[in-house]
Amino acid sequence: MGRRVHPGFTKGAVIGDIKIKDVNISAANPDTNIVLDTSGSGVVSIDSPAVFTNATNSTNSGTGAVVVTGSLGVAGNMNVSGLLNGGVIENTRIGVNTPATGNFTNVTVSGLTTLAEISERVTSIITSASGPITFDFNNGTVFYALGPAGNITANFTNIPTVANRIITFNIILQQGVTAGFYVDDYTINGSPTPLEPLWAGSSPPVPTAGSVDVQTFNILYDGSNYTVWSQMTSFS
C-alpha cells in the first residue's frame, strides 16, 4: 500500500514509510510505493523540468519508466527516439513544420490504405544505355533511359527478400529514330547468370523506333525463388 505525502513535512523527517532527506523524498523501506496526492480538485504541479533516469523498457501500455493509467495531454512538442506503438493516431502532425508533409524510411500498413494523391520519383539513367545497367530499388522503381544503343540487361539490386511480396519496376525507353531496344534479361541482387523473364503473350516485345516504350517488370519472391514477368507498351 502506498504512503501519501502531505504538505508540512520537514527536512529529515521520517513519517511511516516516507523518508525526507535534504531535497530527496524516498521510501524508508524497500518495495514501498510513494503516492503524490492532493485534496479535492488540487493538482500536483512541477514547475521545473522533470527528468526520469529509470531505464525500464516499455513493451506495452503497462510497462516502462513512466506508466500513465489515464489519458495524456501534451500541449507542446513531443520527441520520441525509440519506437512509437499505439492504436489510432488521428489529426496528428507528421511533418516537422506542417501537418501536410513527413518523411518515413519504411511504412507497413496492415489494413485498407486510401490515398487522395500519390507521386513516384523517376530516376534517370545514362543515355545511349546498353548491356548491364543497374536498377537500384533504393533509388525508386521508375527509371528513364534516353536513346538506348542496344538491348539492356537489368541488374535489379537491393530487392527486399521478404517472402510473398511483389515489386513492380517501370523502365521508360525513349527510343532513337533508327532502332528500338528493350530489356531482354535480368539479374537480381547480384545473381551470377542473367535470366530471361516470362513474357506477356509468351514472346519478347518488339520495340518501336522513334517511340516511347514502357517496359514493366513484376518481381515475385516466394521465400526461396524469384519469378519475373515482363511486358511492354508502346507510345508514339
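Results, tabulated for the structure shown:
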| item | result |
| --- | --- |
| Selection from segment 154-167 of residues that are among the aliphatic types (A, V, I, L, M) and surrounded by 13 or more Cβ atoms within 10 Å (Cβ to Cβ) | Ala154, Ile159, Ile167 |
| So Ala65, is it surrounded by 10 or more Cβ atoms within 10 Å (Cβ to Cβ) and at pLDDT below 80 | no |
| Neighbours by Cβ (under 8 Å, 6+ apart or cross-chain): first from segment 213-236, more than 20 Å from Gly150 (Cα to Cα); second assigned to a strand (DSSP E or B) and hydroxyl-bearing (Ser, Thr, Tyr) | Asn218/Thr168; Asn218/Ser230; Ile219/Thr168; Ile219/Tyr226; Ile219/Thr227; Leu220/Tyr226; Leu220/Thr227; Val228/Tyr186 |
| Selection count where residues are surrounded by 10 or more Cβ atoms within 10 Å (Cβ to Cβ) and either at pLDDT 85 or above or not basic (Lys, Arg) (or both), scope segment 93-130 | 14 |
| Boolean, Thr56 is at pLDDT 75 or above and among the β-branched types (Val, Ile, Thr) | yes |
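Results for (1) surrounded by 12 or more Cβ atoms within 10 Å (Cβ to Cβ); (2) in contact with a Phe, Trp or Tyr (Cβ under 7 Å, 6 or more places away or on another chain); (3) on the phi < 0 side of the Ramachandran plot, shown as yes or no for each residue.
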{"position": "Asn138", "(1), (2), (3)": "no, no, yes"}
{"position": "Val142", "(1), (2), (3)": "yes, no, yes"}
{"position": "Pro148", "(1), (2), (3)": "yes, yes, yes"}
{"position": "Phe169", "(1), (2), (3)": "yes, yes, yes"}
{"position": "Val177", "(1), (2), (3)": "no, no, yes"}
{"position": "Gly180", "(1), (2), (3)": "yes, no, yes"}
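The values are calculated or read from the model by the stated rules, or taken from the named source; none is laboratory data. As the structure is a computational prediction, the values presented were derived from the model and not from experiment. Here Cβ is always computed from backbone atoms with ideal geometry, including for glycine, and neighbour counts include all displayed protein chains.
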